[in-house]
Amino acid sequence: MGPFVRENDCAYGDAINTAAGLEAANKFLGTQICDSATLAERAQNFRDGPLGDLILRGRSEPLRAYEPLPADAFKAPATTQYSQAFAKLEASGASAMPAFAALVGSRADYPLAGFHLKRLLNGAKGVRMQLE
């Protein structure tokens, strides 16, 4: 170890690795920003949309990720529709696919809906996703 490494630097390393993993997840998910449940729990008045339980590279446990949303987007009907479709996906219900398809049909510019619909069409189930 170098002269500047302290015993508690592992915590910083884990946070940095998680942040890098979430940044990489944006490319996978088609989002611009995603953050962890830890941040969402600590932030006041946090408005978010759930992305899924991501297993980031180098980790074995899933991390619940969210997309922070501005107030107007959070209150938009499409966000409500997405949240309902996501809840169906989380419950592993068969009704998730038509819910995401309806959202994509009405809002083709909603990347997360398209992302989850594509996953479902390819046989994926649930909200857990392995990122490499």
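Numbers for the structure displayed
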read-out: Contact order relative to length of the stretch 9-130, as percent, for alpha carbon pairs under 8 angstrom and 6 or more apart; value: 24
read-out: Helix-derived mean residue ellipticity, 222 nm - over the chain, DSSP H n ≥ 4, -39500 (n - 2.57), to 500; value: -15500 deg cm²/dmol
read-out: Helix axis angle, 111-121 relative to the chain longest principal axis, alpha carbon, degrees; value: 80
read-out: (i) 31, 17, 12; (ii) 24, 15, 13; (iii) 34, 15, 12, with the label sought being that of the calculated semi-axes √(5λ) of the Cα gyration tensor in Å; value: (i)
read-out: Distant-in-sequence amide H partners of Leu51 (H built 1.01 Å from N, under 5 Å); value: Ala65, Tyr66, Glu67
read-out: Taking Ser36, Ser60, Ser95 and counting other C-beta atoms within 10 Å, the order from fewest to most; value: Ser60, Ser95, Ser36
read-out: Between helix 96-106 and the chain: long-axis angle, C-alpha atoms, 0 to 90°, nearest 10; value: 70
read-out: Residues Ile16, Ile55, sorted so that the one with the fewest Cβ neighbours within 10 Å comes first; value: Ile16, Ile55
read-out: Between 0 and 90°, nearest 10: helix 77-90 axis offset from the chain longest Cα axis; value: 70
read-out: Sorted by Cβ density within 10 Å, fewest first, the residues Met129, Met97; value: Met97, Met129
read-out: Beta bridges per DSSP with both ends in the chain, % antiparallel, nearest 5; value: 75
read-out: The stretch 9-130 - charge dipole about Cα centre, Lys and Arg +1 at Cβ, Asp and Glu -1, debye rounded to 20; value: 460
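Here, each number is a calculation from the coordinates, and none is a lab measurement. The shown structure was predicted, so the numbers you read here are calculated from the model rather than taken from an experiment. Ideal geometry is used to build each Cβ from the backbone, glycine not excepted, and the neighbour counts take in all protein chains shown.
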